[in-house]
Amino acid sequence: MADGKGFTCLMVILILGNIFGAAAGLALCALAIWVAVDQFKLYPISGVSGKDDIFAGAWIAIFTGFAFFCMCVFGILAAAMKSRALMLTYLILMLIIYIFECASCITAVTHRDYLVGNSNLVKKQMLKYYAADGDSGSRITLTWNKVMKEVECCGTDGPVDWIEYNSTFREKFGTDYPWPTHCCKRKNNYDVVNVEACKNGQNTTMFTKGCFNHIESVFSRYTWAISWYGFAVLMFMFLLLILAMVYYLML
Amino acid sequence: MHPLWILQQSTSVKDYFVSTPWAGPWLSGPQELTWSENQTRQHLVPDSRMSRSILVIPALPFHIMLRSHESHLFSTAMRTMFIFFGMLFTLSNAEFQVSLLKESDGVVTGRFADSLLLSLPPCALATQSVTLEYNNTDTNESKTLVNIFKVLPCRFRRDIISNIENNGQFTTSRNLGYQVTNLTTGSTYRLQYVVGAEKSNILEVSTRQVKDPNQIDSGLPARSGAMVVITVILSVSMFILLVALIVTVAHSLGGD
């Protein structure tokens, strides 16, 4: 059973599959690094809420992606040398890495559902922590100021959130300013265009769309990178491992 | 031909108030009012929204003719209108409308927790000073703000300003409404303008009730389809692989 056309064919398939798997694993590592770097700087929103496993999944995927790369290179070696011991090592280690990568995908997508399934959690966090004292308060305040300025939005679903609910901001600063001045349009020198008009809510001097769409799209983008691409890599590795087990039985 | 009446003569000899025709199907376009004064003709084109307002036309003696651009049937018959005293025509009921400002008026909302944004009285009542009376229906206290502002005048040709333009040299602005402040949260109010002899309708509106943010339910809203698919498929594949590995190892050990 050790030699034969089918056997050679399987060996070639395994070697090619491992080459492709190495490339895929390395790409997973790179993508997970992109998520962990968080170019949109929205980590505090998930960090303060305790639902930050999108980023935990990214860190796991950095290591499992690189591990897949290394193991696939080892797998090429094991298949070419036709060694049972090496193939068994390959199979057991690949399974362990497979299980970790599964954990990363599942937890990333579950926490994304918690965070941005609807706007409630983000809204409650904004009302509670914006302008609050303490480390969480300052991180959330800085994040929201940045988002409101760059995305040109106000509040979670709209500026009405600030007047509909009580908030730390309202308790601290009273009702003179119904919403933070970051909701107001500014000139290039950072002066507010018209403070009084912004306080009254005139459409032309303030931002009237909500920020939740942007926040949701960013977290979804991160999650699809980790969980769906990780899922694709895992499906490929599943087939590869089944073939490797057949090859092992033929050795 | 549309009859015109002198509504009232003001104390100054030079001014007459003339009725304008109420809007009807034959008067869909802008109207033109012409009169001649000492052999010179004058005319003005009020915009179509002024069909219920009052125009002031200086000087006498005059011939008045109303010409509609839409229909030539009424246009060129030169008829001298004489003054019909005693036929006072009631132009409209003496009430004008007041309402809350809405998004279409250019604001985020008209209802705040402690203030309300009201629309302004119509410009026909220009330069008269405005009094606002309001009453809190829960506690039944009334308040009257006397002479809060003067009604802003109309302009004959009303330009539509859609932006506030400020290029550092000039600012154009428009007046949207009046803000009633120092109200209590979550109470219902009845508000009414009084301008001279005219009153507005009574607007019944409540300020926003401020809600507690701790009441927002921030638990898991629903599990998305993506989450279910990924979890199920990955869990099943993990299980299959584990079983397959155990079978493989057992088979290879048993086979030796």
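The values are calculated or read from the model by the stated rules, or taken from the named source; none is laboratory data. Just so it is clear, the structure is predicted and the values come from calculations on it, not from any experiment. Please note: Cβ atoms are built from the backbone with ideal geometry, for glycine as well, and neighbour counts cover all protein chains shown.
Below is a table of values for the structure above.
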{"read-out": "Residue that is away from every other protein chain (no Cβ under 12 Å) and among the basic types (Lys, Arg), where the choices are A:Arg221, A:Arg170", "value": "A:Arg221"}
{"read-out": "Elements of type helices (runs of 4 or more DSSP H) in segment A:1-107, at least 3 residues being within 17 Å of A:Leu243 (Cβ to Cβ) and touching a residue at least 24 places away in the same chain (Cβ under 8 Å)", "value": "A:5-37, A:53-81"}
{"read-out": "Filtered residues of segment B:229-246 (kept if exposed (fewer than 13 other Cβ atoms within 10 Å of the Cβ) and of a type outside the set (Ser, Thr, Tyr))", "value": "B:Val232, B:Val236, B:Phe239, B:Val243, B:Ile246"}
{"read-out": "Every residue from segment B:206-236 that is facing chain A (nearest Cβ under 7 Å) and under 28 Å from A:Glu101 (Cβ atoms)", "value": "B:Leu220, B:Pro221, B:Ala222, B:Arg223, B:Ser224, B:Ala226, B:Met227, B:Ile230, B:Thr231, B:Leu234"}
{"read-out": "Given (1) in contact with a Leu (Cβ under 7 Å, 6 or more places away or on another chain); (2) surrounded by fewer than 15 Cβ atoms within 10 Å (Cβ to Cβ); (3) more than 30 Å from A:Leu91 (Cα to Cα); (4) modelled with pLDDT of 85 or more, number of the condition B:Tyr193 does not satisfy", "value": "(2)"}
{"read-out": "Output for segment B:110-122, where each listed residue is in contact (Cβ under 8 Å) with a residue 60 or more places away in the chain and not aliphatic (A, V, I, L, M)", "value": "B:Gly110, B:Arg111, B:Phe112, B:Asp114, B:Ser115, B:Pro121, B:Pro122"}
{"read-out": "Selected residue (criterion: nearest to the other protein chains (Cβ to nearest Cβ)) from residues of segment A:199-215 that are closer than 23 Å to A:Val122 by Cβ and not in a loop (DSSP other than H, G, I, E, B)", "value": "A:Met206"}
{"read-out": "Flag for A:Val193 being touching a Cys at 6+ places or on another chain (Cβ under 9 Å), facing chain B (nearest Cβ under 9 Å) and under 18 Å from A:Ile54 (Cβ atoms)", "value": "no"}
{"read-out": "Which numbered condition B:Leu132 fails, given (1) free of Cβ contacts under 8 Å to residues at least 60 places away in the same chain; (2) over 23 Å from A:Ile163 (Cα atoms)", "value": "(1)"}
{"read-out": "Test: residue in segment A:215-227 that is in contact with a Lys or Arg (Cβ under 8 Å, 6 or more places away or on another chain), surrounded by 17 or more Cβ atoms within 10 Å (Cβ to Cβ) and either more than 20 Å from A:Gly50 (Cα to Cα) or of a type in the set (Asp, Glu) (or both)", "value": "no"}
{"read-out": "Considering residues of segment A:93-131 that are among the aliphatic types (A, V, I, L, M), within 7 Å of chain B (Cβ to nearest Cβ) and within 30 Å of B:Val249 (Cα to Cα) only, the residue surrounded by the most Cβ atoms within 10 Å (Cβ to Cβ)", "value": "A:Ile106"}
{"read-out": "Close pairs from segment A:153-166: first more than 7 Å from chain B (Cβ to nearest Cβ) and on the phi > 0 side of the Ramachandran plot, partner of a type in the set (Phe, Trp, Tyr) and in a loop (DSSP other than H, G, I, E, B), Cβ under 8 Å, at least 6 apart", "value": "A:Gly155/A:Trp179"}
{"read-out": "Qualifying residue in segment B:184-205 (condition: under 30 Å from A:Lys123 (Cα atoms), free of Cβ contacts under 8 Å to residues at least 60 places away in the same chain, within 7 Å of chain A (Cβ to nearest Cβ) and out of contact with any Gly (no Cβ under 7 Å at 6 or more places or on another chain))", "value": "no"}
{"read-out": "Pairs, first under 29 Å from A:Asn120 (Cα atoms) in segment B:221-242, second acidic (Asp, Glu), C-beta under 9 Å, six or more apart", "value": "B:Pro221/A:Asp113; B:Ala222/A:Asp113; B:Arg223/A:Asp113; B:Ser224/A:Asp113; B:Ala226/A:Asp113; B:Met227/A:Asp113"}
{"read-out": "Residue match in segment B:78-101 (condition: modelled with pLDDT of 85 or more, outside any loop (DSSP other than H, G, I, E, B), within 30 Å of A:Asp176 (Cβ to Cβ) and out of contact with any Asp or Glu (no Cβ under 8 Å at 6 or more places or on another chain))", "value": "yes"}
{"read-out": "Residues located in segment A:145-187, provided they are among the aliphatic types (A, V, I, L, M) and over 13 Å from A:Gly201 (Cβ atoms)", "value": "A:Val147, A:Met148, A:Val151"}
